[in-house]
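First the structure, in the form of structure tokens, and then the observations on it.
Derivation of every value follows stated rules applied to the coordinates shown; laboratory data play no part. Keep in mind it's a predicted model, so treat the numbers as computed, not measured. Quick reminder, even Gly has a Cβ in these numbers, built from the backbone with ideal geometry, and neighbours come from all protein chains shown.
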Amino acid sequence: MSHERVHHLAEALPYIQKYENKIFVIKYGGSALTNQTVSESTIKDLVLLNSVGIKVILVHGGGPEINEMLTKLGKEIIFKNGLRTTDKETMEVVEMVLHGKVQRRLVTMINCSGAKAIGLSGRDGRIMIAERHASAKDGNMIGDIKSSNLDLVHQILDLGMIPVISSIAPDEEGNAYNINADTMCAELAVGMKAYKMMLMTDTPGILKDKDDPASLITELSIKEARKLIQDKVVNGGMIPKTECCIKAIDNGVAEAIILNGLNEHSLLLEVFTDIGSGTRIKS
């Protein structure tokens, strides 16, 4: 074993001890999810976290796969304010792809990598109840989380398993709603009293200059994060991600991190090294 590898193991030890039995909620989606090489690396990282006693919950999206299926079916793809316009027919496709395809693949990969995973959506055990998003008109199945009952998720974690949760939840009548995966992740992190919430994206984190990866901001307070949104340094799709991080911290989560899911082992760098990875938001 090389001296460098031994050094990294020694650096990881205090973090392993610190995070034992802590809950981490990790959102995984976008192009990082469809990149086979990086996806395999990320799943191995999740299994490693699980094997050293960290309680991992994986929340996944699947936008590229949904778009691919809608295109095959000749359905128009419409986004408004960053949210997918979802009629009932599109919702059927969303549920089929997320719960039936993407989730099955992730569960299988985790199981084949040495851990045990079980797939869920908000429907299972009614762990999440949805309501129509405030901006959505009748027939648009975009939802927000109205309430949650996470006993089932706790029980799965206590069995040493990894819950893999798709961003779908029913309303009181059982109608399925499409929930933004970052929003679902924040709701779970708060409800589960998680120590860390991590949003794996296609960017390095929050940048002072969106065109310069070297301008990465490695750590922010809630106050500083809000000011970056106000000053439009944080814009576009990074606004809802940053707002989800703020919500999580405001409601008791110790750390919320936005990191690049396209970088191999970005999770391990964030969790087990002094330098970390991405942008960490703290109170």
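Things worth noting here:
- In nm, spacing of pseudo-spin labels at Glu89 and Ser135 (7 Å Cα→C-beta vector): 2.5 nm
- Rg/Rh for region 21-282, where both radii come from Cα atoms and Rh is the Kirkwood radius: 0.94
- Coil-residue GluC sites (Glu not before Pro) of region 112-175, DSSP, other Cβ within 10 Å capped at 11: Glu172, Glu173
- Among the listed pairs Lys208/Lys232; Lys247/Lys282; Lys72/Lys101; Lys55/Lys116; Lys44/Lys241, a Cα-Cα separation exceeding 18 Å is found for Lys44/Lys241.
- Rounded to the nearest 10 degrees, the angle from helix 63-72 to the longest Cα principal axis of the chain is 40 degrees.
- Segments 10-17, 184-191 sorted - mean Cβ within 10 Å per residue, highest first: 184-191, 10-17
- Where labels lie 7 Å past Cα in the beta-carbon direction, separation of Lys75 and Lys193 in nm: 4.0 nm
- In sequence order, calculated HN-Hα J values of region 223-235 (Karplus, 6.51, -1.76, 1.60; Hz; x Gly/Pro): 4, 5, 5, 4, 5, 5, 5, 4, 7, 6, 6, 8, 8
- Database remark: amide H of Ile162 closer than 5 angstrom to the amide H of Lys116, Ala117, Ile118 (H placed geometrically; neighbours at sequence offset of 5 or more, or on other chains; Pro and chain starts carry no H).
- Going from the residue with the fewest nearby Cβ atoms within 10 Å to the one with the most, His99, His60, His265 rank His265, His99, His60.
- Computed 3J(HN,Hα) for region 91-104, one whole-Hz value per residue from the Karplus formula 6.51 cos²θ - 1.76 cosθ + 1.60 where θ = phi - 60°, is 4, 4, 5, 4, 5, 4, 6, 5, 7, x, 10, 4, 5, 4, glycine and proline marked x.
- Close amide H contacts of Ala194 (hydrogens built in the peptide plane, cut-off under 5 Å, sequence separation of 5 or more or a different chain): none are found.
- Charge dipole (Cα centre; +1 on Lys/Arg Cβ, -1 on Asp/Glu Cβ; no other charges) of the chain amounts to roughly 180 debye.
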